[in-house]
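Data first, discussion second: the structure below is written as structure tokens.
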């Protein structure tokens, strides 16, 4: 039970962190700059902000699914993490080293979700 609570909190907090990428696309001045550099070399398209909100919703839904031990949470979590990786890389380090940590967390979530030992900690899926 403690491991499931920790997983729910981590996944939910990780999802909420994607507000940073929404802010980088829609209100870059809130992050202390009006000149954020995207991977494409220009300003960040607003679509990345919308995708970041969708990623946030996916992680929150996944956290709820883990808590409720639903059958769909692994698919939702992996899909959210896969979409989150290019979203995080769209703006490299909008605040400190957050992009590198977010990408590593996404890779870790994908790996942990696909590992068979996850059933012991998070319930059957």
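The lone criterion from (1) out of contact with any helix residue (DSSP H, G or I) (no Cβ under 8 Å at 6 or more places or on another chain); (2) modelled with pLDDT under 95; (3) under 16 Å from residue 99 (Cα atoms) left unmet by residue 13 is number (2).
Of the candidates 109, 54, 77, the single residue that is modelled with pLDDT of 70 or more and over 21 Å from residue 2 (Cβ atoms) is 54.
The values are calculated or read from the model by the stated rules, or taken from the named source; none is laboratory data. Quick caveat, the model's predicted, so the values are computed rather than measured. FYI the Cβ positions are ideal-geometry reconstructions off the backbone, even for glycines, and counts take in every protein chain you see.
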